[in-house]
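Working notes for the structure below.
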Amino acid sequence: MTNENKSLFAKIPSVDRLLITPALEEVLTVYPRPLVLKAINQILDGLRAKIKSGDVTEEGPDLSLESVSNQVVTRLELISRPSLKPLINATGIVVHTNLGRSILADRVLKKFKPVGGGYSNLEYDLDQGKRGSRYVHVEEILKELTSAEAAMVVNNNAAAVLISLETLAKGGEVVVSRGQLVEIGGSFRIPDVMRKSGAKMVEVGTTNKTHLRDYEEVISPETALLLKVHTSNYQIVGFAEEVPLSELVKLGSRYGIPVMEDLGSGCFIDFSKYGVVKEPPVQEVLAQGVDLVTFSGDKLLGGPQSGIILGRKNLIEAIKKNPLNRALRIDKLTLLALEETLRIYRDESIAVKDIPTLRMICEPYKSLKKKAERLLKLIGKLETKNFSFELVDGNSRPGGGALPLSELPSRLLCLVPGKLSSHSMEAWLRSYDPPVIARVENERVLLDVRTIQERELKIVAQTVKDLALIRK
Ligand SMILES: *Cc1c(COP(=O)(O)O)cnc(C)c1O
């Protein structure tokens, strides 16, 4: 170590001296002492590391009490902020897995306070005055909406698939097409889940084509289940063939083997009525005679994270009794959000307006065009060399592995680089408070109004105005 470095180290203020600076005395009245000490130590460690690495200018870092205590205050504000925070999704991907998937309806949010902030009949039968089941709160309405024989819910769809396989096929064989051995984002892979469930996977067919006879050939006394998996975020096109569910169901009933489909997204409405590509609604899937279906509560359904299992009563009863269920069970806040979301589905015309995921997916181009013009008006005229901007046509996506190849025509605010590059603009928007998450395509920053909420338009406009003022 050089002598200069040594003398710099000696100049670093001590914790005790920092604690009695006016700036830190003030924050100590607001923040707990251990947190203030944590911030001090982080700043001092940073300064030591900087000096040690020689990453300092001629005159060295500013080690005055004032400068260091100010840095501590800034750090304190940073580390005391909550980690999980709201942001603005301008990506146009409606069910965005990294951004929290579905937004809950207002009517759902209103229920959190009374039910979450008080005791409830979560597992209490009010008629009998004794212990009840948490599943009753959604069982009846799920049956009513889908005509399923029985229903249950767990923590998420991955859990729904796992517990269903474990219950029905542990120690036995599960037949599945090679074209459906998919990986869904976030490390959910059918072969891995199968292994964890204790079932033996029997792959049939090829990547692009699987025939009914492929399934039939491997059926043996060990066969416990025929499984179909929605390929969600990928699609095989061209020379491809899958066995329709109805054929699998016939085969299964001929051999007395249950058939299950992991639908992934699962929806209750026919999106083609709203100008979107059709995804078979759960009711239609069940009507084909499948024994069990599983799907997520927070993808196309637009509810909270949860896994829904529908199907034959005897199978659902067996799943309920599986000890794994205790580990995978749904939490009460989730349950109330799910029940309230399902209640909205009783009237489809209300559901497509009030459930944000449905509203965003079904919003027609014409209305998005008007929304984009409102955004443009809020921005107004900008004198800046940082970028230029205009409205352009483009596409949004339903996301969440749903409706894999479908694109929804939308209207986007496009920022064309000037002094600022598209990547620096994207990063700057992302660092805003609240963060605005945009897309970069062909060196342009795109803000899709489909996923920007009405109340957020003003904020987005302000963000763009602020971006116009920054100096590189
Ligand atoms: C998304 C998905 C899952 C996982 O569902 P989570 O609710 O995220 O646990 C499983 N299978 C398929 C086909 C999916 O699309």
| query | Which numbered condition trips up Gly92, out of (1) farther than 30 Å from Gln453 by Cα; (2) open to solvent by less than 40 Å² (accessible area, probe 1.4 Å)? | reply | (1)
| note | Of the listed residues (Ala287, Ala337), the one being within 16 Å of the ligand (Cβ to nearest atom) and in the same structural domain as Glu140 (by TED's automatic domain parsing) is Ala337
| In this structure, is Glu261 within 11 Å of the ligand (Cβ to nearest atom), of a type in the set (Asp, Glu) and not in a helix (DSSP H, G or I)? | yes
| note | Within the range 216-240, the residues that are within 15 Å of the ligand (Cβ to nearest atom) and either aliphatic (A, V, I, L, M) or touching a strand residue (DSSP E or B) at 6+ places or on another chain (Cβ under 8 Å) (or both) are Leu227, Lys228, Val229, His230, Ser232, Asn233, Ile236
| task | Could you please let me know if Gly238 is in the same structural domain as Val161 (by TED's automatic domain parsing), in contact with a helix residue (DSSP H, G or I) (Cβ under 8 Å, 6 or more places away or on another chain) and in a loop (DSSP other than H, G, I, E, B)? | result | no
| message | Could you check the range 1-53 and list, in sequence order, the residues that are in a loop (DSSP other than H, G, I, E, B), within 21 Å of Arg81 (Cβ to Cβ) and in contact (Cβ under 8 Å) with a residue 40 or more places away in the chain? | response | Tyr31
| Of the residues in the range 346-398, how many are under 22 Å from Thr463 (Cα atoms) and outside any helix (DSSP H, G or I)? | 16
| field | Residues located in the range 60-97, provided they are assigned to a loop (DSSP other than H, G, I, E, B), farther than 24 Å from Leu429 by Cβ and among the aliphatic types (A, V, I, L, M) | value | Leu63
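Okay, residues lined up against (1) in contact (Cβ under 8 Å) with a residue 40 or more places away in the chain; (2) touching a Cys at 6+ places or on another chain (Cβ under 6 Å); (3) basic (Lys, Arg):
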residue	(1), (2), (3)
Glu284	no, no, no
Gly289	yes, no, no
Gln305	yes, no, no
Ile308	yes, no, no
Arg326	no, no, yes
Glu348	yes, no, no
Pro356	yes, no, no
Ala372	yes, no, no
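Given the condition part of a loop (DSSP other than H, G, I, E, B) and exposed (fewer than 14 other Cβ atoms within 10 Å of the Cβ), answer yes or no: does some residue in the range 186-196 qualify?
Yes, because at least one residue in the range 186-196 is part of a loop (DSSP other than H, G, I, E, B) and exposed (fewer than 14 other Cβ atoms within 10 Å of the Cβ).
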| message | Based on this model, can you work out whether Thr206 counts as surrounded by 15 or more Cβ atoms within 10 Å (Cβ to Cβ) and either part of a loop (DSSP other than H, G, I, E, B) or without any contact (Cβ under 8 Å) to a residue 12 or more places away in the chain (or both)? | response | no
| said: Looking at the structure I just gave you, is Gly311 open to solvent by 10 Å² or more (accessible area, probe 1.4 Å) and more than 26 Å from Asn98 (Cβ to Cβ)? | reply: no
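The values are calculated or read from the model by the stated rules, or taken from the named source; none is laboratory data. Bear in mind the structure is a predicted one, so any value in this text is a computation, not a measurement. Cβ: placed from backbone, ideal geometry, glycine included. Neighbour counts: every protein chain shown. All accessible areas refer to the heavy atoms of the entire protein, side chains included, with ligands and DNA or RNA removed. Shrake-Rupley method; radii C 1.70, N 1.55, O 1.52, S 1.80 Å.
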